[in-house]
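Report on the following structure.
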Amino acid sequence: MNRSGLSHLIFREYLLQHCRVILPVFLGLLFIALSCTVKKSTQAGEDDLETESDTAIEAMEDNTLPDKGDWFYEELYGTYEHESSGQGFTALVVIRPEGNDLWLDIRVTRSSCSGLASGPVGIAAATENEYAGFFSLDDCRMELYFNTVNKTIRVEEIGICQLYEPGCRFAGIYKRRDTDVQ
């Protein structure tokens, strides 16, 4: 192969490698720019522009959820036991009041490991029978889904939780103990 053909191949390879990076970035920026459209006001005589509303904001404003001031957390208080607790494995969640919010204590114990997390739970959404909350510390993040009909909490870990030893997890379904059922 002559020198001209070799430099053409090197240039082609250089373009391919850099286009793999530049093209997705360019397309992403183009997508963002196109999704941020502005429209003229439909009212006569107004020259100001208004941004198209986001569907998520519209969904929040449709008043299908009760106001946060109407959320009653008392039915969530109590001790919940992991559905798999037994022979060498125990996992408990205790939910108690903490000002206007909730406080979470979660403990898991196995013969080979253990873990403990404590902190505030922020409630982000509610329906008639369910509450969705979050627990967020630097070392551990969890989503909590409370079901008031089944009297359960579903715990999902978000990312890596460093508050327990290898072999343990906080995730799972926890059922309120009968002694705590109101």
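Exactly one residue out of Asp70, Asp101, Asp105 is under 22 Å from Glu130 (Cβ atoms), at pLDDT 95 or above, charged (D, E, K, R) and surrounded by fewer than 16 Cβ atoms within 10 Å (Cβ to Cβ), and it is Asp105. Within region 78-93, restricting attention to residues that are surrounded by fewer than 16 Cβ atoms within 10 Å (Cβ to Cβ) and closer than 18 Å to Glu157 by Cα, the residue that is nearest to the chain's Cα centre (by Cα) is Glu83.
The set of residues in region 117-132 that are of a type in the set (A, V, I, L, M, F, W, C) and surrounded by 13 or more Cβ atoms within 10 Å (Cβ to Cβ) comprises Ala117, Val121, Ile123, Ala125, Ala126, Ala132.
The residue that is surrounded by the most Cβ atoms within 10 Å (Cβ to Cβ), counting only those in region 152-171 that are in a loop (DSSP other than H, G, I, E, B) and in contact (Cβ under 8 Å) with a residue 60 or more places away in the chain, is Phe170. Annotation for region 121-135: at least one member residue is hydrophobic (A, V, I, L, M, F, W, C), at pLDDT below 95 and out of contact with any strand residue (DSSP E or B) (no Cβ under 6 Å at 6 or more places or on another chain). Is at least one residue of region 130-141 small (Gly, Ala, Ser), in contact (Cβ under 8 Å) with a residue 24 or more places away in the chain and assigned to a loop (DSSP other than H, G, I, E, B)? For region 130-141, residues small (Gly, Ala, Ser), in contact (Cβ under 8 Å) with a residue 24 or more places away in the chain and assigned to a loop (DSSP other than H, G, I, E, B): absent.
Does Phe135 meet the test of being surrounded by 13 or more Cβ atoms within 10 Å (Cβ to Cβ) and under 19 Å from the mean Cα position of the chain (by Cα)? Considered against the rule, which asks whether it is surrounded by 13 or more Cβ atoms within 10 Å (Cβ to Cβ) and under 19 Å from the mean Cα position of the chain (by Cα), Phe135 comes out as yes.
The values are calculated or read from the model by the stated rules, or taken from the named source; none is laboratory data. Source: prediction; values computed, not measured. Neighbour counts are summed over all protein chains in view; Cβ atoms, including those assigned to glycine, are modelled from backbone coordinates with ideal geometry.
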